[in-house]
Structure formats: structure tokens, C-alpha cells
1. Mind checking the angle between helix B:153-165 and chain B's longest principal axis? C-alpha axes, 0 to 90 degrees, to the nearest 10.
2. Compare B:His502, B:His398 by solvent-accessible area with a 1.4 Å probe and give them largest first, with all protein chains kept in place.
3. Could you work out how much longer the chain between A:Val101 and A:Leu123 gets when fully extended? Use 0.36 nm per residue separation minus the Cα distance between them, nm to one decimal.
4. Relative contact order for chain A using alpha-carbon pairs under 8 Å, separation at least 6, rounded to a whole percent?
5. HN-Hα J couplings of segment B:106-111 from phi, Karplus 6.51/-1.76/1.60, θ = phi - 60°, integer Hz, Gly and Pro as x?
6. What list of ³J(HN,Hα) couplings, whole Hz, do you get for segment B:135-150 from phi and the Karplus terms 6.51, -1.76, 1.60, once you set θ to phi - 60° and write x for glycine and proline?
7. In whole percent, and with a 1.4 Å probe on the protein chains, what portion of the accessible area of the protein assembly as shown is carbon and sulfur?
8. If eta is 1.567 mPa s and T is 4 °C, what Stokes-Einstein diffusion coefficient results for segment A:108-244, Kirkwood Rh from Cα pairs, in µm²/s?
Amino acid sequence: MTLENFGKTGPGLYLRSPSGVIGAGLLVLLILVALSANWLAPGDPLDMVAQPLLWPGQDMQFPLGTDSLGRNVLAQLIHGARISLLVGFAAVLVSLGVGIVVGTLGGYFGGWIDRSLLQVTELFQTIPTFLLVVVVVAIGHPSASIIAGAIGIASWPSIARLVRAEFRSLREADFVMAARSVGHSDAWIIFREILPNALPSVIVTTSVMVASAILIESALSFLGLGDPNVVSWGSMIGAGREMLRTAWFLTALPGAMLVLTVLSLNLIGDTLNQVLNPRLRGL
Amino acid sequence: MTKALLELDGLNIHFPTQHAVRDLSLTVGQGETLALVGESGCGKSATALAITRLLAPNARVGGRILLDGENLLDFSPARMRAVRGRAISMIFQEPMSSLNPVLSIGTQLGEVLLQHEQLSRQAARQRAIELLDTVRIPEPQRRIDDYPHNLSGGQRQRVMIAMAIACHPRLLIADEPTTALDVTVQASILELLDKLRRELSMGLLLITHDLGLVSQWADRVAVMFAGEKVEEAVAAKLFAHPEHAYTRRLLASSLHFDQELHYHEARLPDTSEDAEDLQAHVPTGVPAANEAVVASQAPLLKLEDVHVAYRTGEKEFFAVKDLSFEIRRGETLGLVGESGCGKSTLSKTILKLIPAHSGRILLEGQDITRLGESAFRPLRAKIQMVFQDPYGSLNPRHTVEDILGGVLRAHGVADKTERHRRIVETLGHVRLSAKSLNRYPHEFSGGQRQRIGIARALILRPALVICDEPVSALDVSIQAQVLNLLVDLKQELGLSYLFISHDLSVVRYISDRVLVMQDGRCVEQGDYRSIWNAPQHPYTRSLIEAVPGQSRVQVAAA
């Protein structure tokens, strides 16, 4: 349950794993691309810049070709990374915020607080995540922040359940008993004693949740429910879908970007799990 | 000795980070009990796992393991599976976790039989009932359909033994088979193992850290230290004339009930590796109870008719019933009882981590039973606790300074330099240097960790320290070190202890008065001389009789 050597050997152990290094490298690269999008591909990626349906390599000014409206595919991919990563991370921040608060309160205090919070959690769990997101986005404006918020609201229950379970077992740990017998306040015990020991498993889950949030955003955009003023990989796939037989690269390229992003996050998640989980560390 | 059943020849076990066993050679004869003795980490369990070829795949095993002259290391995995359970069986330490909780014991026993023998289900069930009878489980026809949670710890270990002997193995490996069990149960389990060994003429490899057990049950003893066998001899000879220095140290530092040592008269010989840093602080003068103080003042802690209840669903279960006692200043009250008797519940109740159902708890004459947490918090400084497990009771994410400093902050010591001064001072009391401040718990040995736990209890300068099994998770040599430290600190700081333990030898050494608990009730209390020499209650007598190794150890001690 505990991670003894995290402060000293955690990063070192992580760097010893090739898949972890590849995953982290990919993600850093994607983040750099997203951050420098305006510099790599200046101007609005939704502007029509050339004749439609240029194939990749046909015109070296547009190395990945153009879509049916003559928009630069490379510029769209670069700018699409922004919205995907932004929505992915923002959504997980929202669900972490809600999930950790709910899980901590329920797991630590137990009793009626736990029972009522658990019922709210279960209420959210019974609604299919994607359906909830669609409903929230349909009611509000389909802007990046609303989408991120909706995904966050729909996916916090898994974090809450995880945190609750960690708190319920750590609450009985000897060192927590010791803290209580010394006279520490509840706030001290929650923030100083239990939470640092509960975080590793939350961190592992987080990286996988970012990946699934990115997929939900793409699915929304694919269905045309995303922000119409912003390019997203999902909306690119949605627009290219009709030309799947004639210009397959319009769906395959953004699809490949999604695969790479989700893969990098899963590799990071797996490696973090091995590094942070002492039972799998094989020492 | 009869012909060799198992022979280890130059066994070497390497783990990625350590050389766990070096050139170990041993033989176990048919119908013989060989005890493999050593402290934690000496490689004894790795040896047992190597024999059954159940070591983790990252371990490299060298040398030869011969069973009836055939090298097990050359066997295919399929052939090895046939050996396990049939020729060699193993019993583990934890009867709580070695049985599958969702299958009835009859099913689990039957599975073992069906795996190795051609039997019908009906015949397997019949054999399972016979086996339960062999290991003396009462009413086996009825108990066979019970699930593990219906059984007590001792009964579960009996079921484990039944599974192990189901196919008449020729070698039985018992890895700390009774360490997790109560003393009275311990004796009966070993008696059973010994009887089965004779009846089935099995070889028994008994792995243990408990020298008392060894003296009573083993034919020959091999002592291991840091992966090497340092001595092997017939049990009686080993205890009478230990040859190797390590064996002598081990024998000297283990407490024996019959030695009748008491802290008033003698210090325990400390033979642990970090003994040197404790040497400098040995106090001058013979410890003596501050009897003048004892007599003059009101009791430090007084319990009157205390009941503690747990609620499971609608039912109330009383873990502590009608308990009254008092602890005077400068006194050590030993609390003895078997697991589940309510002793840990009691300590949590005194610390107000669990509410009392009824009765009164008085601290220095003040009734604290119904005090709210905020009113009680300042009084917490007066009662502190030392926990059993030095690994689990320290938060792995905090440095020593965080752990001790946090306690002071909780009690309003806001000034950083003042905190630092008191932390260093307290570390001095437990004989740790100021260099320890920025280190994490995992950087310390078990004994040092327990001293950090003691420092945490002492930093608020309490009057009463509750020690809940403070040495039962430690190796024998470290036990002596921690007990000596507790005795010294009591003298230096004028402490009183409530010392809870299941180990009678330890309680006998450290207590001024003793209270015996059974099923939540106090069955007997009295001063340390009368309770051991003239126990009144039959339960107390049965506890004393169950202490292992009483007869033969006396020879060595003399």
C-alpha cells in the first residue's frame, strides 16, 4: 500500500523502463507541437488555402495534402492537438477535483456522509458517460471549456470510488492510528498522512483517464457536437468519413494521431503503475 | 539417524540484489525433525521455497537438492507439480490467508486428494472427514462443510496441516507454523505435528525463529546467519554447548520464561548489531521503582467497570466486559491475553480512539470517559502509545523530523528552533543521533524504527505510555535491546507503562503487576511474584503451562 522509495528512486525507476520513456517522449512531443501550433502553422487552419483533395506529397507546400474544402491537413492536425490535449487534461482536472473531494469525505468520515455521497456517485455511474456528456453539451454551448467540464462531470465517479477505497483501508493503518492517538486534527490526517499515500494509484488512473477524455472529445466532434470554430481530430475524421474510399488519408491521419496520443498515455500509465505500486515492483 | 530423505548439497540462492543463501548443506532423515533457526532475512524461508521450487522467477538457484537421491532442480515443471503435495508438502505461517475464503474446507481438502490420487468424489469426501479427524477437528462430519471464516486461527492451521498430509508426504516443511497463533494453540499444533511425524514417519523441516520451540520439538538444529549455516548439532547438545558465537548470542538474548528474570534485578544481554550506539548511554545505578511516589499519589489511570462494545448490524458484541484496574505512577502493568481477548480494544479505548460503552476512565482523578475530542486533546500529551508494527506505524512518506515535529505542532509548539531542540533531545533519549532527522523510515532497521516509534510517544513527555506488543514483531536480539531501552527510559523520565503482550516471558521480565485477560474479562491480577509463582485462575495456569521449551532450556541457562 505504501511506496517507500518514491522520493529517491521513483524517477530513476521510471526512466529505466523503455516503454515509459517512449510514452513520455511522445506525449512531450505532442505537447510541444500543440504549444507551438501558431508558430509551426500560422494562420487559421480552417482557411481554404489550396485546391481541394491534394494527396500527401503532391504539393510540398502542403505535405499532408488538403481536404475537400482545400484546407491544409498538416495545419489542422497541429491545431487539433491543442484542443484534444486541452480538453483531455482539463476534463481530468475537473474529475480529479470532484472525485478526490467526494472520495476523501466519504472514505475518511464514513457513516451518513459516506452513504449519501455513495448514492450520488452511484447515480452518476448509472448514466452512460457519453450520453451524459452529449446532454450537457447539447444544453450549453459546445465550447472547449463546456466540453471539458461535461466530460469531467461525467467521469469523476471512478476517481471518487478509488480515493474512497484507499481512504477506507488507510484509515485503519497503524500510522493513522498513531496520528490520531497523538492528537492530530482530521485535516492534518487527511492531507499529511493519508492523501500522500493514496495518490499513487490516483496518478496511475489519471493518465488513462486523460486518454479516454480525449476519445470522448473526438467522438463528440465526430458527431458534429464539438466546437464548430475549432479544428479537432474528431471533426476531421467526421468530415473525411464521406470520402473514405477516395481520400482515405483524411480519416487515417487524424486517426493515427489519436492512436499515438492514447498509446503514449497508456504507456505512461502502465509504467507509473509498475513504479508506484510496490507489489509489482519485484524487489 | 536413519537414511537421508532430503539432502541439500552446496545450495546457493541469488536474488537480483542479494546473495540470500550461501553454500548450504543439510540432510533430513526419514522420521526426523530438523529445525532451521535464524532471524528474519537469514535465508531460511528462501531455502524452504527453493526445496519446493516455488521461488520467484528472478531467483537463481545453484547446487543440488536431492530427494531420495534425485535432484529436484533437474525435474520438469510437470514432474515437480507431482512432487509437491505428494512427496513434499508445506505449511505456511498465515492460516488466515492460506485458505481460500470462498470454498468450504471439505472442497479444498477434496481438491488436494483428487489432484494426486484416483478417487471418486464420495471417497474423497470420506477421506477428507478422516483427515479432519486426524488433525483433531471436533465433529468432522459437520465441520467439513464450514468455510474458513467459521474456524478459529488454530483450527485453520489444523486444516492446513490436514491438506499437507493428505497424500502422506515423506517430507513436511513447516515455515513458522505457529508464529501467528496463541501460545495455548501453539503447543497443541506442534504436538499434532510431532505425532503425525511419528505415525507417518515423515521427515519434518521446522523453520522457526523461536528457540523455545526448537528445544522442545527438534531432533537436530541448524542455525543460519546471513545466508550461511553457522552451526548444526543435536538439539540437546546445541543448547548445552553452543559452539558458534552467533548461536551463543542468540541463546543469550532470547528471553525464557523459566529464567525468572526481572528488570529490577538484571539487564538483558544485548547482542544486536547496533548494540554499540546504545552502549554509551547505559545508565549508572540499579533501576529501582520510585516506591515513595507510588505510595503517595492518586492512581495515574483508573478504570471502573468499563465495557466496550462493537456493533455489527443489529447485534452488539462486547469486546471488553466489566474491567477495572488502576495504574499508579512509576508502575508497569503487564496485560496478558490471547488474540481476540480485547487487549488492543482496551488500549484504543483508553486513548479514546473508540468510545467506551459504559463505566468510567479516570486520568489523574479526572473523568475522561465522556470528554469531547477538543477538550481531550491537551490531555493526550499525558497518554501516548507505542505500536506493535514498526513498519506500519510510521508513515513512509515522512522523515523522522516530520513525524516528530508534527506531533509537537499538533500540541501548539509553533517555534521551529524549539521544536528542533526537543526533537534532538528526544532522539537522544532513544539513542538515535541527530543525523537521523532527514531520513525516511525505510532507511532504518526494525529496531531503530521501533525506537523512532518510542520517540514519537515520548516527545510530549507523557506520564503513561501504552505499549501494545512493542517487541513481538522484532527479532529476539532486537527485542532485548528495545526492552532494555524501555526499562531505562522508565527510570530516566519517570514513566508508567501499560505493557500489552501475548508473550509471557516478556511480560514476566518487565512488569511490576500483571493482569490476565480472557474473553474481554479480567480473570486475575496481582504483583509479578505472586502471579507467576502462585497463579490462582485455571486460565492463568494453562497459559503458563503452554509456554514452550520449559524443561530443556533450563539446562542451558544453568
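The values are calculated or read from the model by the stated rules, or taken from the named source; none is laboratory data. Bear in mind that the values here come from a model prediction, so they are computed numbers and not experimental data. Backbone-built Cβ (ideal geometry, glycine too); neighbour counts: all protein chains shown. Keep in mind that these areas ignore ligands, DNA and RNA; they rest on the heavy atoms of the full protein, side chains included. Shrake-Rupley method; radii C 1.70, N 1.55, O 1.52, S 1.80 Å.
1. 20
2. Descending order: B:His502, B:His398.
3. 6.2 nm
4. Details: 409 pairs, mean separation 72.8, N = 283.
Contact order relative to length: 26 percent.
5. x, 4, 5, 5, x, 4
6. Karplus-based 3J(HN,Hα) across segment B:135-150 equals 8, 6, 8, x, 6, x, 4, 7, 6, 4, 9, 6, 9, x, 5, 7 Hz.
7. Numbers: 20510 of 36360 Å².
Carbon-and-sulfur percentage of accessible area, whole number: 56.
8. On the way: Rh = 17.4 Å.
This corresponds to a translational diffusion coefficient of 74 µm²/s.
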